[in-house]
Each structure stands twice: as structure tokens, then as C-alpha cells.
1. Provide a single number: the residues in region 59-87 that are loosely packed, with under 11 Cβ neighbours inside 10 Å and within 15 Å of the chain's Cα centre (by Cα).
2. Taking region 40-58 as the search range and keeping residues that are of a type in the set (A, V, I, L, M) and at pLDDT 85 or above, which one is nearest to the chain's Cα centre (by Cα)?
Amino acid sequence: MAAHATDETLPQGEIAKPNTAWIWKTFFILVGITAVEFVFVFLMEPSTFRNSIFIVLTIMKAFFIVAEFMHLKHETKGLIWTILVPMALLVWLLVALVTEGSYVGEVLQNMFK
């Protein structure tokens, strides 16, 4: 049988410590943002302001996930802008829809009183 060269620096299946630090940091940041979302959603009365806060925090979480796990923060600026500009337009659309939706809801609610 042929002898295989093995690297015995780490036990088999063990992850090096420097690789896990950023994972835990990312985990705690995402948990913190999620906790803030829960506080705003469950403690505030339903309103456009509450919905806007929730949407902004959710989009912040999405940007962080894309930057960390899809390695977007290490890409060229052109690619980053190609992804961020349509996302900013989508955020603008969401804000417009939430604002108009709450207005239509109020009009319908007042019409049936």
C-alpha cells in the first residue's frame, strides 16, 4: 500500500478557531437585529411607522447576510452598485406601497363607519 501524506495540524473534522470567530460575530449581529425587530413589532401599535421600521431592519439584515455569506463586501465596486441600485429602487417601491396601502385602508375603514 502507498503511504498517504496527511496534515496532522488539526484533528479530523475540527474547524480552525479563526474561521469560527466571524461566524459567531455574524450570528450575534443577526440575533441582535432580530431581537430589535421583535421589540418594535410586538410592543408598538400597528402603524405605517412600525411597518417602516420593520422593513428597514429586515433589509439591513438581508444586506448583512449578502455581504457576509455571499462575500459581496469583497467584490468590485461596480458589481456592488449593480446589486444595490435595483435593491434601493425596490425599497422605494415598498415604502410607496406601504404608504398607499395604509391610506387606502384608512379610507375604506372610514367609509364603512
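1. Going through region 59-87 one residue at a time, the tally reaches 2.
2. L57
The values are calculated or read from the model by the stated rules, or taken from the named source; none is laboratory data. Quick caveat, the model's predicted, so the values are computed rather than measured. A quick note on method: Cβ atoms are made from the backbone with ideal geometry, for glycine too, and the neighbour counts reach across all protein chains shown.
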